[in-house]
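These notes are about the structure you will find just below.
Throughout, read-outs are computed from the coordinates displayed, never taken from laboratory work. Everything numeric in this text was worked out from a predicted model, so none of it was measured. When we count neighbours, we look across all protein chains shown, and the Cβ atoms used for this are built from the backbone with ideal geometry, even at glycine.
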Amino acid sequence: MLALQLVLYNAWSIPIILSIGALIDILHIDRVLYLMSASILLFGIWSVYYERKHPLARQMQSSEELTAAAKQLLELNQPQTID
Amino acid sequence: MPVYEHARQGYGIMAIAQSNKGFLTLFKKRNFLRLWLAQLISMTIFNATNYALIILIDSIVHSALMIGLAVICFSVPAVLFGAPAGVFVDRMDKRRVMWVSNCLRALVTLVFAVLLLANRSGMLVLLYLLTFITSAIGQFFTPAEGSAIPMLVDEDELMPALSLFNITFMISQAVGYVLLAPIAISLLPTITLFHIQFDAYFQLYAAIAFLYLVCAGLILSIPRSGLVKRNENKSEPAPDLTSQTLGIINNMKSEMQQGWSFIRERKSLLLAVIQLSFAGVLILVIGQIAPSIVTHLLLLPVNLMALVFAPAGVGLVLGSIILPRFARRLGKPRTVLIGNLGLVLATLLLPCITLFAQWINPRGWNTGPLLLVAIGICMFIAGVALDFVNIPAQTAMQELTPNGSKVVCWLCN
């Protein structure tokens, strides 16, 4: 999961870094900082909205569900792992 | 970027702090001391080159886009080569991997330094390429060193040894980014020999190439017999390196697909992954915009960039120590929201403070110590706020992931 998160984060980071660089070159740093501030605020609001829409409790309705999913994933991984 | 990458795992610090009893005993072991010194020097100079590269690119092209490309060049190899390098190193002689990787980095850094003597703006692509190569080679040194540690210490010393490894990782970032590179670039004078000018950047990169060779020497001074795997079972034939590497890559691909479908079905996990990635990207973005903040917003020399980095780094470390107490009381959604609001405040205050300073003192507005203190406080807030997003998201990700509970328990201890 951590590997997937790292891949996603790096995949997102490249276009974001490049576009922020281009924006700084075009608009100047102060405007980009205002834009960043607005973007972070929007992200925060979206996070709260998403969290309320899909509360953690619903995700972990029963520990059995999670355990079963974990077992399933481990079983799927088992034959492909090379020690 | 390694400095940020490790800061993302900030809450390992508590675990580190608990196991610092046996460091002196470890330093008495000569071979371990040599390995540790090689780690300290190589990581410090690697971070120093990353800092120097950002300033160098800014001095050549004054473009945030090009600085962004530099950040990508030294941060992406960790993802591209991290896993295959681990497999490769696992099968190879660790001592050889370590000294060869340091020699190669010395060679590449020396070529980099020589290129700086030519027309720099025409060499940008090569400078990026060499940075990428240096970072990629470094991916082989770190796992080799990690797996060499158990060969040099006793079983009961392993925990403090690994803690020391992590502490050194953080110290090297602080020394490389905040002290070594900024001081060297500021203080090294330009020397003219045979009508060729050797400026601070050339001297720094040449010194770094030499220091990589010192690291290689330190590794070579460890006897080959000292780096032997304990309880090595030679009777079991291992699969060949190529098929093992291909197997790992295929395995990773299928695990990614399974992981993605697993995440998509669990919305809280998806949110945690997005929040964690968001914090990670922001850390990289801070590194990218730091020169622009110093040169374009504050109109100060680019080498004062450490003023931006240092408070943010201190905030990240302190935040990771104090956060668990707050996070338990507040709960994850509120903690993340506070983190986001802190980041909004910090990014909003930076241009506002400069406007205010210009309004109060139109002539010497950027030289007042109060302005620098205020900018430092903003960056400190940004560092702490990043922890408020990062740590709850990482904890949620581990709690909601199969096998994650073990990691969470370790973090709680």
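Structure values in brief
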item	result
Identity of the residue in region B:286-332, over 16 Å from the mean Cα position of the chain (by Cα) and of a type in the set (S, T, N, Q), that ends up nearest to the other protein chains (Cβ to nearest Cβ)	B:S292
Candidate set: region B:105-128, residues that are over 26 Å from the mean Cα position of the chain (by Cα) and outside any helix (DSSP H, G or I); chosen: the one nearest to B:C215 (Cα to Cα)	B:L117
First in region B:65-87 and of a type in the set (S, T, N, Q), second anywhere and in a helix (DSSP H, G or I) and surrounded by fewer than 22 Cβ atoms within 10 Å (Cβ to Cβ), Cβ under 8 Å, 6 or more apart	B:S75/A:N10; B:S75/B:P2; B:S75/B:E5
Breaking point among (1) within 11 Å of another protein chain (Cβ to nearest Cβ); (2) more than 21 Å from B:N303 (Cβ to Cβ), for B:I41	(1)
Only one of B:A48, B:A38 that is crowded, with 19+ Cβ neighbours inside 10 Å and closer than 14 Å to B:S135 by Cα	B:A48
Residues of region B:97-138 classified as of a type in the set (K, R) and crowded, with 20+ Cβ neighbours inside 10 Å, total	1
Hits in region B:191-210 (condition: touching a residue at least 60 places away in the same chain (Cβ under 8 Å), under 15 Å from B:R120 (Cα atoms) and surrounded by 13 or more Cβ atoms within 10 Å (Cβ to Cβ))	B:F198, B:D199, B:Y201, B:F202, B:Y205
